[in-house]
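**Q** Could you have a look at this structure, given as structure tokens, before my questions?
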Ligand SMILES: Nc1ncnc2c1ncn2[C@@H]1O[C@H](COP(=O)(O)OP(=O)(O)OP(=O)(O)O)[C@@H](O)[C@H]1O
């Protein structure tokens, strides 16, 4: 069998995902030998109770599993093993990760310009953007801001439709969605799934997990994969599922929505609900029974008499030997053996690098300019602080006794002012999240992001440094000639940009606000401590603090440059009449331990080199996560699988816990709730 052009058939066989346990305990299975397939023109719904493994399955298919789990089994795309990350398939995650300062139209438009082929004209791209807005029903909110911590934005349903819109812009052949209807009312949920239906009808393969769809929503799905505790309870046509449940001995009551019934049969939490209800009545009446509960609430449900674990086990067993399973196996086999004349979709964006750089820089600049917390608040604090510095060191003067004041002022500027970069950490994290989502979906590359992030932040850093330097230089009366002012600004710009790059690196490794701030503060603290003010260079303890720390410390070079800029060529008066004036060069050498012979421009060049080094390291970290981490994970998977397969406990690996609560045990023993099926 061959595939139509551009179509994507995906099949998975015996997919098992485990959290290895190298100790004595049994290894936990998140997915246990799951089979299934997705086809063009059809929507496959992955249903199951919370924690049943829906997201794990989607992540396994899309090649996005976490590093601590290992996967075995096959995922075939058009009959071939292929990685589906970085743009080969589109993935709409459960969480809506969007730039909150942009409007809906701007978000779609930037995304379109970033990814649609460069040969398309502006008008053509604009037409595609408008068509997408209409298709997704986003016309009403198209000019509204998405919303962030200080801006009230669009609703949850609109955000979800926007997230889908951003992924379907390039018309991907295979679309994964993780619970696209979570948190939406039934009308919005219906609308979202109707959109998926339309996407599937245009020849696309749609695989979506879903929590508890209404009857109308469930009717829109073609196929159903029902999971419980990581095991397949049913896989096949959605409309045949009711029949299977009836044949297995658990028919859907006439007035119950089929999807509610399926989940009722496999979700052990319902046992707990019933048990808790009975227990709460027993507080007043110790002889209160389950049957009385049914009578009083008029909710007679035959399933209440059978523990869910038993219903689930029966369903899994009966499905395995059912005709539905045989038909599905045959279909999966057929799809797995498909070899296509598929025009392989180019992974990721189809726009050239320079256009991507321009669009990304522009988008990032607009985001920074609209997000109060990114730079504006910091600029305001910098201005207030500069006025404080200016008034405390006001007209510090050029006197022997004031040398330490000048040094302290420089130390504060190079230390605390750069320390303030930590204030933007929350915004760095938000931006990193957007980058991760877009990168995993192949919107653009790592290099273009690294450069654009630097370029877009520069205007704000320049503004920050210009205002800070002008206020302090004017008030403290530092050397104010053109070249001195220029050097001061440039020195501060380079130091702050270096710290920002370091913060971006930390945000990419530790995307957690508190942990990141702690790490960042610790790092800058060490840099400030060894920068040459709190302990002058000659006094820094040898080996570690002098070499290498003070040499790789951007703050040390920036401070040396600033001192040279201020002191070289200046003569300091003595407070005593007979003591001669002292040259700035001499003070640099004797008091601060800085060699006045080496140029201040050399110091600035070193700060710039450290800045470039940090940016390269940031790029390398992002690349490492993409390229090296999967290889390490593959080796880890191989080693782990061979290790745990040798263990006798492998055969008795626990499926992911099917929850039985103590309260339920108590009830079942009292009321004799034994399944008639066993
Ligand atoms: N990387 C991981 N490490 C440890 N446990 C994990 C990991 N990934 C998933 N799990 C566990 O596996 C189980 C299945 O998780 P999964 O997110 O796939 O469930 P789900 O069906 O999508 O749930 P929900 O509907 O609540 O999103 C959960 O109990 C979860 O805690």
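Please treat every number below as a calculation from the coordinates, not as lab data. Fair warning: this is a prediction, and the values are worked out from it, not measured in the lab. Cβ: placed from backbone, ideal geometry, glycine included. Neighbour counts: every protein chain shown.
**Q** What is the chain's relative contact order, in percent, from Cα pairs under 8 angstrom and six or more apart in sequence? Walk me through the numbers before you get to the answer.
**A** Working: 1088 pairs, mean separation 124.1, N = 678.
Reported as a whole number, the value is 18 percent.
**Q** Given the DSSP H assignment, sum -39500 (n - 2.57) over each helix run of at least 4 residues in the chain and divide by its residue total; what's the result at 222 nm in deg cm²/dmol, nearest 500? Let's see the in-between values first.
**A** Details: 24 runs with 349 residues, N = 678.
Value at 222 nm, helices only: -16500 deg cm²/dmol.
**Q** What FRET efficiency comes out for residue 571 versus residue 458 if R0 is 35 angstrom and r is the Cβ-Cβ distance? Round to the nearest 0.05. Walk me through the numbers before you get to the answer.
**A** Values: r = 37 Å, r/R0 = 1.06.
With a Förster radius of 35 Å, E is 0.40.
**Q** What's the extension gain from residue 552 to residue 380 if we count 0.36 nm per residue and subtract their Cα-Cα distance? Working shown, then result.
**A** Numbers: separation 172, 0.36 × 172 = 61.92 nm, distance 3.05 nm.
Length difference between fully extended and current span is 58.9 nm.
**Q** Which angle from 0 to 90°, rounded to the nearest 10, does the C-alpha axis of helix 269-282 make with the longest principal axis of the chain?
**A** The angle comes out at about 80 degrees.
**Q** Taking the Cα atoms of the range 383-491 alone, what are Rg (to one decimal) and Dmax (as a whole number) in Å?
**A** In Å, with Rg to one decimal and Dmax whole: 18.5, 62.
**Q** If one takes the longest principal axis of the Cα atoms in the chain, at what angle in degrees, from 0 to 90 and to the nearest 10, does the Cα axis of helix 377-392 lie?
**A** The answer is roughly 30 degrees.
**Q** Size of the range 65-144 along its principal axes in angstrom, Cα-based, largest extent first?
**A** Answer, in whole Å and largest first: 46, 30, 20 Å.
**Q** Let me ask something additional. Quick check: convex hull of the Cα atoms in the range 71-216, volume per residue, rounded to a whole Å³? Before the final figure, lay out the partial values.
**A** Numbers: hull volume 21.2 nm³, N = 146.
Here the figure is 145 Å³ per residue.
**Q** Take the Cα atoms of the range 427-485, find their three principal axes, and give me the spread along each one in whole Å, biggest first.
**A** In descending order, the Cα extents are 53, 21, 10 Å.
**Q** Further question: Which angle from 0 to 90°, rounded to the nearest 10, does the C-alpha axis of helix 482-509 make with the longest principal axis of the chain?
**A** Roughly 20 degrees between the two axes.
**Q** OK, next. May I ask for the Kirkwood hydrodynamic radius of the range 351-626, worked out over all distinct Cα pairs and given in angstroms to one decimal?
**A** On the way: mean 1/r = 0.0508 Å⁻¹.
Hydrodynamic radius (Kirkwood, Cα only) of the range 351-626 equals 19.7 Å.
**Q** Sticking with this structure for a sec: Compute the length gained on full extension between residue 72 and residue 599: take 0.36 nm times their separation in residues and subtract their Cα-Cα distance, giving the result in nm to one decimal.
**A** Numbers: separation 527, 0.36 × 527 = 189.72 nm, distance 6.06 nm.
Gain on stretching residue 72 to residue 599: 183.7 nm.
**Q** Tell me, in nm to one decimal, what length is gained between residue 515 and residue 130 on full extension, where the rule is 0.36 nm per residue of separation less the Cα-Cα distance? The partial results should precede the final answer.
**A** Details: separation 385, 0.36 × 385 = 138.60 nm, distance 4.14 nm.
Result for the pair: 134.5 nm of gain on full extension.
**Q** Find the Cα radius of gyration of the chain, compare it with 2.2 N^0.38 Å by division, and give the number to two decimals.
**A** After normalising by residue count via 2.2 N^0.38 Å, the value is 1.22.
**Q** Could you pull out which residues in the range 551-589 have an amide N less than 15 Å from a spot 7 Å beyond the Cα of residue 400, following the Cα-Cβ vector?
**A** Zone members listed by number: 571-584, 586-588.
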